[in-house]
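> Can you keep this structure in mind? I'll have questions shortly.
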Amino acid sequence: MNQNQRLLSIDVLRGLTIAFMIIVNTPGSWEFVYAPLRHAKWDGCTPTDLVFPFFLFIVGLSMAQSFKSHADFTQAQLLTKALKRTAVIFGIGLLLNWFPFYDKPLADLRIFGVLQRIALAYFFGSLISIYIAEKWQLWVTMLILAVYYIILISSVAVDPLSLENNLVRSIDLALLGETHIYHGYGIPFDPEGLLSTLGSIGNVMFGYILARKISKLESSMLQIRYVLLFGAILICIGILWNFTGFPINKPIWSSSYAMFTSGLAAWLFAFMLYFIDVKGNKSWSFPFKVFGMNALASYAMSGLVIRTLQLIKIGDATLPAAFYSKVLSPLAGPYFGSFLFALLFCSTIWLFAYVLYTKKIFIKA
């Protein structure tokens, strides 16, 4: 398996993940969403809860490829590159949270978000990859996840892993205040908060460590078997941890969640490696490759476009809400109509990515 083939697998997997992220974020109506397309309310994991950690795992896979292609860089040069990319991604996330600017005072600006989480997890993953010897990187990753667990359960609060009492929320409130935190859970709590970044570092590092390891294996089937074994071990540890005191939980990005989702991501990666690289079944993958080549640009554009459309009013409703309620819901029913809106919107963003692809514009951020 050569490097170019492996990159195609990663691009396709990244594109598949971005497509799913856009779909779950833009239903026609949040009241009518199929159960698999909803997040778990707290503990537990739905298919939708797999999307974001899968993307971070792919960030790790891509980071290994990037560092390999910059093998002649010094540590300082690699750090500078990581800092610039982190600043750009974090900044775009902040601007999207602030948009449309004129009616959002900075006093109410949410600091964290999906892109900010990607930026920070990538940055800290880069630090480990640059400054920690390869033989210790897995141990450092496991130590971070263990320390995160100890920090959370060491809280003096009753039920320290609950929505109301977890330290992720407490630290964000202390550092940022209520107005700069997400309020979608009924109380101020940010699922992309500062402390829970520790858990997300695990997803990035597991992807990075796995990619580095299989790059040293010559046989394609040996690589795939290694990926499957690596994934199985992570899944088993994640499930065991889930039943022994640290539930699989996306909002606080528990260590068990990081390991469980990284294991599943590894299995999906093995599937891609087998069907794309070993069997050569690539024709089906083109739409996802297009998304994958401009993943962050596509995701950012989806956020910008949906926010812009929501500024347009049709009577008392926004344009997306009116299109759903007046056209899609009567045509296809409330649930499928809501899903159809997400598919149509995702297809529109894909056209944007396709234009970039045909013009050979690849925005890496």
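The values are calculated or read from the model by the stated rules, or taken from the named source; none is laboratory data. Everything quoted here is computed from the prediction, not taken from an experiment. When we count neighbours, we look across all protein chains shown, and the Cβ atoms used for this are built from the backbone with ideal geometry, even at glycine.
> Which of the residues that make up segment 150-166 are within 23 Å of the chain's Cα centre (by Cα) and either of a type in the set (Val, Ile, Thr) or buried (at least 21 other Cβ atoms within 10 Å of the Cβ) (or both)?
Leu152, Leu161, Asn166
> Now for a separate question. Phe230: over 18 Å from the mean Cα position of the chain (by Cα), surrounded by 21 or more Cβ atoms within 10 Å (Cβ to Cβ) and in a loop (DSSP other than H, G, I, E, B), yes or no?
no
> Can you tell me which residue in segment 277-308 is modelled with the lowest pLDDT, limited to those that are of a type in the set (A, V, I, L, M) and out of contact with any Phe, Trp or Tyr (no Cβ under 9 Å at 6 or more places or on another chain)?
Val278
Conditions tested, residue by residue: (1) assigned to a helix (DSSP H, G or I); (2) crowded, with 22+ Cβ neighbours inside 10 Å; (3) of a type outside the set (Ser, Thr, Tyr).
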site	(1), (2), (3)
Ile235	yes, no, yes
Ser256	yes, yes, no
Gly263	yes, yes, yes
Ile276	yes, yes, yes
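> So, one more: Being within 26 Å of Val59 (Cβ to Cβ) and among the charged types (D, E, K, R) is the filter here, so list the residues in segment 162-203 that pass it. It would help to see each step written out before you state the result.
Looking only at segment 162-203, we keep the residues that are within 26 Å of Val59 (Cβ to Cβ), and these are 166-169, 171-172, 175-176, 180-182, 184-185, 189-203.
Within segment 162-203, Arg169, Asp172, Asp190, Glu192 qualify.
> Next up: Tally up the residues in segment 282-333 that are surrounded by 15 or more Cβ atoms within 10 Å (Cβ to Cβ), closer than 30 Å to Lys360 by Cα and among the hydroxyl-bearing types (Ser, Thr, Tyr), please.
Within segment 282-333, residues that are surrounded by 15 or more Cβ atoms within 10 Å (Cβ to Cβ), closer than 30 Å to Lys360 by Cα and among the hydroxyl-bearing types (Ser, Thr, Tyr) number 4.
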